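Chemist: Handing you a structure now.
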Amino acid sequence: MDMPESPEERPLLVAGGEAESLSAGLDGAPMPAVKVKVEAWLVEASGREKWITTDDPARYGGLGYSITPLVPQNEVPRAVSAAVTQVREEMLARHAADLRLLATIVKRLRTVLSEGYEYDDKKIRTDLVQWGLIEPASPARGQMIDTPEGRRLASVLELEWFLTKIKWATS
């Protein structure tokens, strides 16, 4: 069964279904797991036909088809609000963890300066491993292996450098 292309003609719900976790959004973008009542699924073969099914869509996912959950219209605002709240809480927790890490690093550097410690490469590597910024198995010399936290913090500096280059180009 082909789906109408215009949003006004597209049905939002189909009979049947049970409470499911909405884990993928439109275009396969990941969304938080929010409990919603999924009535049906829109299954789309890449560049080909589309159809609605009330069957278990997992078999289509294994074949590489795009699967979009269809929920009752009155459920959409609650599901979106819950997803936004969940993402916001996760981002606030991650931001708080980044700030704690930054405070730990600053405290260590202030201690090194105030006590006049020698701070060699081995100690720096040990601290970076302890703070979770690089892998413990990284080689003693050469490239360090970043953890997800280390990559995230490194990307902040890359974005800052990119912003500086844009300011230079526009001034």
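Rule-based calculations on the coordinates, nothing more; no lab input. On a predicted model such as this, the values are computed, not experimentally measured, just so you know. So basically every Cβ, Gly included, is an ideal-geometry build from the backbone, and we count neighbours across all protein chains shown.
Chemist: From the Cα trace of the range 44-153, what convex hull volume per residue do you get, rounded to a whole Å³? Don't jump to the answer; show the numbers that get you there.
Modeler: Values: hull volume 18.7 nm³, N = 110.
Hull volume over Cα atoms, normalised by residue count, gives 170 Å³.
Chemist: Evaluated at 25 °C with a viscosity of 0.890 mPa s, what Stokes-Einstein diffusion coefficient in µm²/s does the range 92-156 have when Rh comes from the Kirkwood expression over alpha-carbon pairs? Present the calculation step by step, with values, prior to reporting the outcome.
Modeler: Working: Rh = 12.8 Å.
The diffusion coefficient I find is 192 µm²/s.
Chemist: Further, regarding this structure: Do any GluC sites (Glu not before Pro) in the range 49-116 lie in a loop, going by DSSP, with at most 16 other beta-carbon atoms within 10 Å of their beta carbon, and if so which? The partial results should precede the final answer.
Modeler: Details: sites: 49, 75, 89, 90, 115; in loops: 49.
Within the range 49-116, the qualifying GluC sites (Glu not before Pro) (loop, at most 16 other Cβ atoms within 10 Å) are 49.
Chemist: What list of ³J(HN,Hα) couplings, whole Hz, do you get for the range 154-167 from phi and the Karplus terms 6.51, -1.76, 1.60, once you set θ to phi - 60° and write x for glycine and proline?
Modeler: Going residue by residue, I get 5, 5, 4, 5, 5, 5, 5, 5, 4, 4, 5, 4, 5, 4 Hz, with x marking Gly and Pro.
Chemist: Next question. Check which residues have an amide H placed less than 5 Å from residue 40's amide H, if you skip close sequence neighbours.
Modeler: 14, 70
Chemist: Convert 20 °C to kelvin, take the viscosity as 1.002 mPa s, use the Kirkwood radius over C-alpha pairs of the range 58-118 as Rh, and evaluate the Stokes-Einstein diffusion coefficient in µm²/s, rounded to a whole number. Display every interim value, and only then the final one.
Modeler: Values: Rh = 16.2 Å.
Here the translational diffusion coefficient equals 132 µm²/s.
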